[in-house]
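> Sharing a structure here in structure tokens format.
What follows draws every value from the coordinates through simple rules; no lab data is involved. The shown structure was predicted, so the numbers you read here are calculated from the model rather than taken from an experiment. So basically every Cβ, Gly included, is an ideal-geometry build from the backbone, and we count neighbours across all protein chains shown.
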Amino acid sequence: MSVDQTISELSGTLAQLSTLVAHINGQINGITSRINLTLDNFDQAVANIAKDAGSVTYQVGDSVSQVSYSCLLFSLVHSLDGYYHST
């Protein structure tokens, strides 16, 4: 086998490897694009859940403060009612 023939065969092999690497790279890019899209959707879903949780937290806090205010008002009215009925 001559040196020229060996170089020619190596050149062909390297060209095939280059094609294979380009194909693998394309596959990896496709996979990473799909993974990124899935992760973006997941991030958006988590952000929406956090937003909803914040809203619920506010509503619970508001409800609790209203209950406390209502209890205070009820106690005051009940005390005044007891005071006026005892006199």
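> Which value in deg cm²/dmol, rounded to the nearest 500, describes the helix-derived mean residue ellipticity at 222 nm for the chain, given -39,500 (n - 2.57) per DSSP H run of n ≥ 4 and division by the residue count?
-37000 deg cm²/dmol
> Between 0 and 90 degrees, rounded to the nearest ten: what's the tilt of helix 3-86 against the longest Cα principal axis of the chain?
0
> Positive end of the charge dipole of the chain (Lys, Arg +1 and Asp, Glu -1 on Cβ, about the Cα centre): tell me which of 42, 72, 18 has its Cα farthest that way.
So the residue furthest toward the plus end is 72.
> Next up: If I histogram all Cα-Cα distances within the chain using bins 5 Å wide from 0, what percent of pairs lands in each bin?
Percent of Cα pairs in each bin: 3, 11, 6, 8, 6, 6, 6, 5, 6, 5, 5, 4, 4, 4, 4, 3, 3, 3, 2, 2, 2, 1, 1, 1, 0, 0.
> Between residue 78 and residue 58, what length comes free when the chain is fully extended (0.36 nm per residue of separation minus the Cα-Cα distance, one decimal in nm)?
Between residue 78 and residue 58, full extension yields an extra 4.2 nm.
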